[in-house]
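Okay, structure first, notes after.
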Amino acid sequence: MAVGARWWSRVVPVLAAATLLLAAGCGGGGSSSASDVPALHGTQLQDAGLVEGRKVWAANCTRCHGVNGQGGIGPKLAGAVVGDFPDISDEIALVSNGKGIMPAWKNDLAPAQIRDVVRYTREVL
Ligand code: HEC
């Protein structure tokens, strides 16, 4: 029994590391699954708007702004958007209407979805 426990304690971390490496390797292109993007915590889990915003983010935004909003083709959003847009309606307007290569989302997403994903960028990323 003691030998078995020692054997597992050595193998499990190696398997966990390999799984993480595989996940990182596959996360590169295309849209992300909801499990890749930053999770909700505590009261956020009960907030239907943030739950929807997280889905909208994973499906539409990560290919340019990065899974964590760290930036890529588009600028870093994590920790930046509240400073850049003190008034949430200005960020909603930019996401709705687009700017340069930032697409306009008002024809593809409902107004509530745009508000939800904007809240996710401000409250979760
Ligand atoms: C095709 C790439 C692309 C996609 C997809 C994309 N963005 Fe952007 N985004 C950009 C670029 C590029 C900018 C910079 C626009 C500029 O200032 O010229 C930008 C800017 C922004 C800004 C303003 C950032 C700031 O602080 O000035 C926000 C907010 C934003 N995007 C949110 C989103 C959201 C939310 C989604 C998903 C619904 C999204 N973007 C999808 C490329 C993209």
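Could you run through the stretch 93-121 and say how many residues are assigned to a helix (DSSP H, G or I) and more than 9 Å from the ligand (Cβ to nearest atom)?
8
Does VAL124 fit the bill of being within 21 Å of SER32 (Cα to Cα), near the ligand (Cβ under 8 Å from one of its atoms), surrounded by 17 or more Cβ atoms within 10 Å (Cβ to Cβ) and modelled with pLDDT of 95 or more?
no
For the stretch 71-84: of the residues being within 7 Å of the ligand (Cβ to nearest atom) and part of a loop (DSSP other than H, G, I, E, B), which is nearest to VAL117 (Cα to Cα)?
Residue satisfying both the conditions and the ranking: LEU77.
When both residues are 6+ apart or on different chains and their Cβ atoms are under 7 Å apart, which pairs have a first residue that lies in the stretch 99-125 and is without any contact (Cβ under 8 Å) to a residue 60 or more places away in the chain, and a second that is of a type in the set (Ser, Thr, Tyr)?
Correct list of pairs: ALA104/SER96; TRP105/SER96; LYS106/SER96; ILE114/SER96.
Taking interchain pairs and intrachain pairs at least six residues apart, which have beta carbon atoms under 8 angstrom, with the first residue in the stretch 72-89 and in contact (Cβ under 8 Å) with a residue 24 or more places away in the chain and open to solvent by 60 Å² or more (accessible area, probe 1.4 Å) and the second among the aromatic types (Phe, Trp, Tyr) and more than 8 Å from the ligand (Cβ to nearest atom)?
Correct list of pairs: empty, since none qualify.
Quick check: is even one residue across the stretch 57-64 within 19 Å of SER35 (Cα to Cα), within 7 Å of the ligand (Cβ to nearest atom), touching a residue at least 12 places away in the same chain (Cβ under 8 Å) and of a type in the set (S, T, N, Q)?
Taking every residue of the stretch 57-64 in turn, at least one turns out to be within 19 Å of SER35 (Cα to Cα), within 7 Å of the ligand (Cβ to nearest atom), touching a residue at least 12 places away in the same chain (Cβ under 8 Å) and of a type in the set (S, T, N, Q).
Among the residues of the stretch 103-121, what is the count of those that are closer than 22 Å to LYS76 by Cβ and either touching a helix residue (DSSP H, G or I) at 6+ places or on another chain (Cβ under 7 Å) or open to solvent by less than 40 Å² (accessible area, probe 1.4 Å) (or both)?
The qualifying residues number 11.
Can you confirm whether ARG63 is within 13 Å of the chain's Cα centre (by Cα), among the basic types (Lys, Arg) and open to solvent by less than 80 Å² (accessible area, probe 1.4 Å)?
Criteria not met by ARG63.
The values are calculated or read from the model by the stated rules, or taken from the named source; none is laboratory data. Predicted model, so just to flag it, every value in this text is computed and none were measured. With ideal geometry, Cβ positions are generated from the backbone for all residues, glycine too; neighbour counts draw on all protein chains shown. These area figures cover heavy atoms from the full protein model, side chains too; ligands, DNA and RNA do not enter into them. Shrake-Rupley method; radii C 1.70, N 1.55, O 1.52, S 1.80 Å.
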